[in-house]
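Contents: one structure, followed by commentary.
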Amino acid sequence: MRIAVLIKQVPDTDDVKMDPERGTMIREGAGGVVNPLDLNALEAAMRIRLAGDSVTLLSMGPPNAEEALREGLSFGADRAILATDRAFAGSDSWATSKVLAAMLEKIGVPDLIIAGEKATDGETGQVGPEVAALLGVPVETRVTRLEKSGDGIEVDCTLEDGILTQRVQLPCVVTVLSDINIPSLPTLAGKKSAYLKDVETLTAESLGFGPDEVGLDVSPTRVVRIDRPEIARTAEKFFAKHEEELEAGLNRVVEILSNCGVLRGAPE
Amino acid sequence: MTVLKKPVAGEWNSGVADEIWVLGEAGADGELTAPAFELTAGARGLADALSSSVDRPHGVTVVLTLDAKTADRCGPEKLGPYGADRVLVVKSESLPFDRAACARILAHLAGTSRPAILIASASAFGRSVMPYAAALLRTGLTADCTGLSIEPGSGLLLQTRPATGGNVMATIRTPDHKPQMATVRPKTFEIPEPVTGRPVRILTPELPEELRKGTVRTVKFERFAGGEGTLQDGEVVVSGGRGLRRAEGFDLIAKLASLLGAGVGASRPAVEMKWMGYPHQVGLSGQVVSPRVYIAAGISGAVQHLAGMQTSEKIISVNRDPDAQIFGVSDVAICGDLYEVLPKLIEKIEAKIGEKGGRA
């Protein structure tokens, strides 16, 4: 079985500081990391692979996204390919999916394509299903269990109100949630071998795209305005060690809840 | 299986129907879900705005892709009083869980009828089917919108969504592609008073049989047992974090939540320690919530969490650390041990409900 994992490099949100005035993330200085859910996707790939199966990592991003792919390689993936080109700048989820789908076709559509359900920066969660649509294969999203079953796979998808178990034929795209596994740590041997491997690169041209067929130009969605809603609040602070302060604080909470009309009693 | 390299930009603009479409959804019991009504009403509002903007009447069509086994319980005519002019009902054994089949059907219907706008709930269903359909239709899709309106003059759909972690609101347009597609968060639109007597047509479109055929087989669907509550249900969300110190701490969170009819949330560390399931995770890597009141207990306020709840109307936090970052985004901050504070709060709320004659 040939397996592909889609990887995105995102700003490290554990590292990132908040601008207290504007309520925005300060991205400068924050390191780039593999999108956390993509590590779950990679772990899922390493767990389902059998001897003879290959795992290829694919990413679209700036040249330094190579680091994210190299990190992925250190978990034991066989091959990593980065599509990087100035022409890709400003891609929305559709334009990104177009490039990823073209990459997958170029290497020959793998049997199983695994991705994180969404990235911590863009948060659209759309790339997985869009890639599946462009390849004409089924998609399973929010997957929290992934196993082989006959010629295909069996998955559990954690929906809002329950768990859906499905069997799907391959090829198929699967997007995973963090519940699926706990990613292992890269081994020293893995790290060493990752640095001996090349991260292959592809450009718009080598994928067969003209300059006007990728990036912002073909992105159907356009951001027209950014607003920063006022979020800074000055908390009324109450210290529970002083009984009267705790009392006042609790009364304030009850007042807020009461104003919202939620103190009607619970249904039985 | 070819990737179409050129989007059909502008191609549709000559033949766009004066229609706004909604992809509705039924629950496991076959009944229409609340977002189907919210979005029907929302689409009605957009259609009316668009009608006056371009001076042509616009209609509202709801598409339902239903499980043939429970479809009889759905009652599509119920959408009429909320603003639907037509409901297109598609039934099949493989629906709605074969997301690709739903998307192919939706894209086929929308590709034939050419609505100007197509919206769906930002649910697990909508967030799978809509991007798949958008890619088939080669158009844009904006995820997780919290506001939709019609731009005066252009008549384009303005799609507002929280971006970069919920602290920036981005307004997005799809200027040259149709339909303009968006998934919409629950409760973005209110369900209005029904208008009785509005005519609504229920139609069963004819479809090429191969559209229904999928490569996905549903083995089973197991609903979560009740009691725990879901995250986005209520006007209030009560969340717990690492400060609970043990899984059983969530019993206290659940007790407070059930008193308030609130959703139960959790921070990422609490989910990572398996104290709560992932569907309850609030934050960048989980759900972004914006209830009227958010209560955070034992949550220090990592950026990744703050980004998921800071647009809540009122924020109340309980934490032992007087310098906890969560206090910086709170309206009321109680510095103390949550195991001391929460039981007293529960007591007070119970007293208050009793005093109002509610059922405590």
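Things to note:
- Matching residues, region A:92-114, being touching a helix residue (DSSP H, G or I) at 6+ places or on another chain (Cβ under 9 Å) and either more than 27 Å from B:Arg173 (Cα to Cα) or surrounded by fewer than 20 Cβ atoms within 10 Å (Cβ to Cβ) (or both): A:Leu104, A:Glu105, A:Val109, A:Pro110, A:Leu112, A:Ile113, A:Ile114
- Unmet criterion (only one of (1) assigned to a loop (DSSP other than H, G, I, E, B); (2) in contact with a Ser or Thr (Cβ under 6 Å, 6 or more places away or on another chain); (3) at pLDDT 95 or above) for A:Thr124: (3)
- Test: residue in region A:187-205 that is of a type in the set (A, V, I, L, M), under 30 Å from B:Ala135 (Cα atoms) and outside the structural domain of A:Ala132 (by TED's automatic domain parsing): no
- Within this structure, A:Arg225 passes the test of being at pLDDT below 90, within 30 Å of B:Glu151 (Cβ to Cβ), more than 22 Å from the chain's Cα centre (by Cα) and within 7 Å of chain B (Cβ to nearest Cβ).
- Scanning region A:73-90 for any residue that is closer than 23 Å to B:Met130 by Cα, at pLDDT below 95, away from every other protein chain (no Cβ under 11 Å) and surrounded by fewer than 20 Cβ atoms within 10 Å (Cβ to Cβ) turns up at least one such residue.
- Selected residue [of a type in the set (Lys, Arg), surrounded by fewer than 20 Cβ atoms within 10 Å (Cβ to Cβ), closer than 25 Å to B:Leu211 by Cα and in contact (Cβ under 8 Å) with a residue 40 or more places away in the chain] from B:Arg138, B:Arg114: B:Arg114
- Here B:Trp275 fulfils each of the conditions (1) among the hydrophobic types (A, V, I, L, M, F, W, C); (2) more than 18 Å from A:Asp179 (Cβ to Cβ); (3) more than 11 Å from chain A (Cβ to nearest Cβ) apart from (2).
- For first residues located in region A:64-78 and on the phi > 0 side of the Ramachandran plot and outside the structural domain of A:Leu50 (by TED's automatic domain parsing), partners that are surrounded by fewer than 21 Cβ atoms within 10 Å (Cβ to Cβ) and of a type outside the set (Val, Ile, Thr) and lie 6+ apart or on another chain with Cβ distances below 8 Å do not occur.
- Region B:66-111 - residue that is more than 12 Å from B:Val200 (Cβ to Cβ) and of a type in the set (Ser, Thr, Tyr) and, of those, surrounded by the most Cβ atoms within 10 Å (Cβ to Cβ): B:Ser92
- Only listed residue being surrounded by fewer than 24 Cβ atoms within 10 Å (Cβ to Cβ) and either in the same structural domain as A:Leu196 (by TED's automatic domain parsing) or of a type outside the set (A, V, I, L, M) (or both), chosen from A:Glu140, A:Glu130, A:Glu147: A:Glu147
Residues are listed down the side, and each one gets a yes or a no for (1) under 30 Å from A:Glu43 (Cβ atoms); (2) touching a strand residue (DSSP E or B) at 6+ places or on another chain (Cβ under 8 Å); (3) outside any helix (DSSP H, G or I):
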| position | (1), (2), (3) |
| --- | --- |
| A:Leu185 | yes, no, yes |
| A:Lys192 | yes, no, no |
| A:Tyr195 | yes, no, no |
| A:Thr201 | yes, yes, yes |
| A:Glu205 | no, no, yes |
| A:Gly208 | no, no, yes |
| A:Asp212 | no, no, no |
| A:Val223 | no, yes, yes |
| A:Arg233 | no, yes, yes |
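- The number of residues in region A:38-91 being in a loop (DSSP other than H, G, I, E, B) and more than 15 Å from the chain's Cα centre (by Cα) comes to 16.
- Just one residue in the set B:Arg242, B:Arg185, B:Arg212, B:Arg161 is among the basic types (Lys, Arg) and modelled with pLDDT of 90 or more; that residue is B:Arg242.
- Some residue of region B:275-284 being modelled with pLDDT under 95, assigned to a strand (DSSP E or B), outside the structural domain of B:Phe327 (by TED's automatic domain parsing) and not small (Gly, Ala, Ser): no
- So B:Leu203, is it on the phi < 0 side of the Ramachandran plot, surrounded by fewer than 24 Cβ atoms within 10 Å (Cβ to Cβ), touching a residue at least 24 places away in the same chain (Cβ under 8 Å) and within 7 Å of another protein chain (Cβ to nearest Cβ): no
Condition check ((1) crowded, with 16+ Cβ neighbours inside 10 Å; (2) at the interface with chain A (Cβ under 7 Å from one of its Cβ atoms)) across all residues:
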site: B:Val318; (1), (2): yes, no
site: B:Asp331; (1), (2): yes, yes
site: B:Gly336; (1), (2): yes, yes
site: B:Lys352; (1), (2): yes, yes
site: B:Glu355; (1), (2): no, no
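- Number of residues in region B:141-193 that are facing chain A (nearest Cβ under 10 Å), surrounded by 24 or more Cβ atoms within 10 Å (Cβ to Cβ), part of a loop (DSSP other than H, G, I, E, B) and not basic (Lys, Arg): the value is 4.
The values are calculated or read from the model by the stated rules, or taken from the named source; none is laboratory data. Because the structure is predicted, anything quoted here is derived from the model rather than measured. Glycine gets a Cβ as well: all are built from the backbone with ideal geometry, and neighbour counts include every protein chain shown.
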